[in-house]
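Notes follow the structure.
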Amino acid sequence: MEKINVCNATNFCMDCGDPKATCDQFTLDYICDQINRKYILKDAYGSLSFQVLVEPSGFSCVLSHTDVTNGPLTAELIRYLNGNIWRAAKVNGKPVSASVNVIFRFANGKISSQMQRMDLTELKPAGDPTIYNKTVAYTNPSLNSYEFTTWTKYNSPLPDNISKSCIIDKTDVLWYTTIKGLTRFDGQNFNPVNEFNSPFTGETAVTDINVDKDNNKWVYVDDKMYKYSDAGWQIFDFKKFVTPGAIRILNNRHGDLLFATKAGLVVLRKDKVVVLNKKTIPLLPSSNVYYVYEDSRKRLWIGTSKGCIMIDHNVPTTFNTSNTPLKDTYISNATEDEAGNLYFSLTACNATPGDNDKEGIAVLRTNGTWVFYNDKNSGMPSNHVNDMLYDQHEHVLWIATEQSGLVRFNLKDGWENYHNNNTPMPGYTINKLAQDSKGVIYAATVNGLVRIKKR
């Protein structure tokens with residue numbers, strides 16, 4: 001999304017006041033009528049959204065919009081919206097500056113419009129994080145060395161607050177999924193992926209996304225796999241190999257794509273596809289694959305609904321009868337440091353609601369010994385982990401938790417816990433982490449996008 005620098009505005013609130021900032025629907029219908037008379041819209045489908053600042057005087061200013069092409073139709077709509085007669089929002093009877101969204105929809109050869117009111121209940125704090133660990137006082141000595149920035153759908157062009165996945169591509173562009181649309185962020189501007197530049201609409205829910213060694217983006221939507229390359233978008237015929245859809249899109253150290261599915265692990269290498277399941281690997285605990293990771297020794301670690309397996313040069317090892325932290329758990333995420341130590345987040349195979357003591361972080365050291373961390377024996381605030389990221393710039397492990405926010409672990413004895421009660425983060429449920437080449441970390445949460453930069 002491109003910003004329109006036609007006015008300077010500060011100290012305004014989003015859709016605030018009683019009454020709220022508004023204009024007559026008749027005025028919006030008049031704008032649509034003028035556009036319908038001037039433009040041929042028979043092949044136009046989709047929508048455009050505009051964020052409009054209404055000042056106490058009633059003057060208006062378009063702050064942003066969702067047209068990445070910045071075309072002449074958008075410029076004309078901006079002129080109309082800026083020239084509208086608006087009624088300012090009022091708080092305790094006093095006019096105030098406020099922002100409102102106006103959405104224009106294209107269908108059946110015509111344009112229509114309406115004001116899009118915000119659900120102000122979503123602006124409320126996310127509540128308090130759940131900290132099961134009652135023995136650690138989190139002093140967070142590194143906290144002041146970071147700058148936190150939060151974007152939500154109320155203070156930015158972000159299509160929605162709830163996100164489950166994000167990736168950084170080879171050009172340091174963040175691809176950020178939400179339950180109501182996919183967007184790209186280059187560090188300055190949001191650029192929506194919508195019906196004008198993709199097979200999706202501006203409100204398509206994206207299940208997962210990843211990038212391969214050639215910087216092609218792979219997007220999973222509605223049981224269909226899409227590939228985005230320099231040649232544009234194309235559908236990858238995924239169901240040719242397995243019937244159920246993908247659970248996650250992953251890749252190995254060589255950039256080969258790995259698709260975790262309910263019917264096995266699908267490996268895509270140089271346009272050749274291999275399916276690994278109980279038929280091809282009888283020792284695999286289950287064909288229902290949740291996660292896969294290839295370490296620096298080329299060992300393949302697979303987490304399934306019924307346990308884990310490791311394949312080392314075609315020799316499989318299972319763990320359900322072992323004396324390791326992996327017993328009766330499955331690997332849900334993995335990462336590795338420069339020394340070759342492996343870090344696994346674990347989920348109990350028969351998990352019940354609550355904080356399961358089998359869950360947490362398992363570390364396989366290079367000497368073959370295991371270490372296990374949970375909220376009973378370490379500084380982990382809670383045990384259920386959604387994602388992990390090893391930061392090679394600072395040599396620390398970042399842990400995204402389900403209930404307790406973000407954890408910073410210095411790999412020795414330093415545990416720090418960041419969440420909405422001690423940082424500008426909008427909540428405590430962190431689903432995914434990504435890091436660019438400069439060390440900037442992005443966190444996908446259920447309450448918005450968070451950027452963490454070293455000061």
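The values are calculated or read from the model by the stated rules, or taken from the named source; none is laboratory data. All values reported here derive from a predicted model rather than from experimental measurement. Note that each Cβ is placed from the backbone with ideal geometry, even for glycine, and that neighbours are counted across all protein chains shown. These area figures cover heavy atoms from the full protein model, side chains too; ligands, DNA and RNA do not enter into them. Shrake-Rupley method; radii C 1.70, N 1.55, O 1.52, S 1.80 Å.
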Could the peptides 315-326, 208-219 be put in order, highest first, of the mean number of other beta-carbon atoms found within 10 Å of their residues?
208-219, 315-326
Take the chain, compute every pairwise Cα distance, and split them into 20 Å bins from 0; I just need the percent in each bin.
23, 50, 24, 3
For segment 45-132, what is the relative contact order in percent, using Cα pairs closer than 8 Å and at least 6 residues apart in sequence?
32 percent
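What part of the accessible area of segment 8-107, given as a whole %, is carbon or sulfur when the probe is 1.4 angstrom? Intermediate results must be reported in sequence, preceding the final value.
Values: 2690 of 5070 Å².
Of all accessible area on segment 8-107, carbon and sulfur atoms account for 53 percent.
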Percent RCO, i.e. relative contact order, over the chain, from Cα pairs under 8 Å lying at least 6 residues apart
12 percent
Can you pull the semi-axes for segment 149-265, root of five times each eigenvalue of the Cα gyration tensor, sorted largest first, whole Å?
24, 16, 14
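If eta is 1.567 mPa s and T is 4 °C, what Stokes-Einstein diffusion coefficient results for segment 27-145, Kirkwood Rh from Cα pairs, in µm²/s?
Working: Rh = 17.5 Å.
It diffuses with D of about 74 µm²/s by this estimate.
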What Kirkwood radius, in Å to one decimal, follows from the Cα pairs of segment 94-230?
18.1 Å
What's the center-to-center distance, using Cα atoms, between segment 129-151 and segment 360-419 in Å?
13 Å
J(HN,Hα) series, segment 158-172, from Karplus relation 6.51 cos²θ - 1.76 cosθ + 1.60, nearest Hz, glycine and proline x:
3, x, 7, 7, 8, 9, 10, 7, 7, 9, 10, 8, 5, 9, 6
For segment 221-324, what's the radius of gyration and Dmax over Cα atoms, in angstrom?
14.2, 50
Listed peptides 70-76, 377-383, 269-275 by packing density, highest first (mean Cβ within 10 Å):
377-383, 70-76, 269-275
Links exceeding 28 Å between C-alpha atoms in this model, out of 224/454; 270/438; 376/432; 213/438, come to 224/454; 270/438
Karplus ³J(HN,Hα) for segment 84-93 (6.51 cos²θ - 1.76 cosθ + 1.60, θ = phi - 60°; Hz, whole; x = Gly/Pro) runs 5, 8, 10, 9, 6, 5, 10, 10, 6, x
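How do the peptides 443-449, 327-333, 220-226, 59-65 rank, highest first, by the average count of neighbouring beta carbon atoms within 10 Å per residue?
Working: 443-449: 24.0, 327-333: 22.1, 220-226: 17.9, 59-65: 20.0.
The densest-packed peptide leads the list: 443-449, 327-333, 59-65, 220-226.
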Contact order relative to length of segment 151-279, as percent, for alpha carbon pairs under 8 angstrom and 6 or more apart:
13 percent
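Leaving out ligands, DNA and RNA, and with a 1.4 Å probe, what % of the accessible surface on segment 117-215 is carbon or sulfur? Walk me through the intermediate numbers first.
On the way: 2320 of 4700 Å².
Ligands and nucleic acids excluded, carbon and sulfur reach 49 percent.
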Spelling it out for residue 146: with amide H atoms placed in the peptide plane at 1.01 Å from N, the residues 5 or more places away or on another chain with amide H under 5 Å from its amide H are 455
Taking a cut-off of 18 Å between Cα atoms, list the aspartates and glutamates near residue 110, but don't count ones fewer than 8 places away on the same chain.
29, 33, 43, 67, 76, 195
³J(HN,Hα) computed for each position of segment 321-336 - Karplus, 6.51 cos²θ - 1.76 cosθ + 1.60, integer Hz, glycine/proline x
10, 8, 9, 10, x, 7, 5, 6, 10, 10, 6, 9, 7, 8, 7, 9
Bins of 10 Å, beginning at zero and ending with the bin holding the largest distance: percent of Cα pairs per bin for segment 319-455, please.
12, 44, 34, 9, 1
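Out of all Cα-Cα pairs in segment 304-392, roughly what percent, to the nearest whole number, are more than 18 Å apart?
Roughly 43 percent, rounded to a whole number.
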Per residue, accessible area of the chain with a 1.4 Å probe, heavy atoms of protein chains only, in Å², comes to 46 Å²
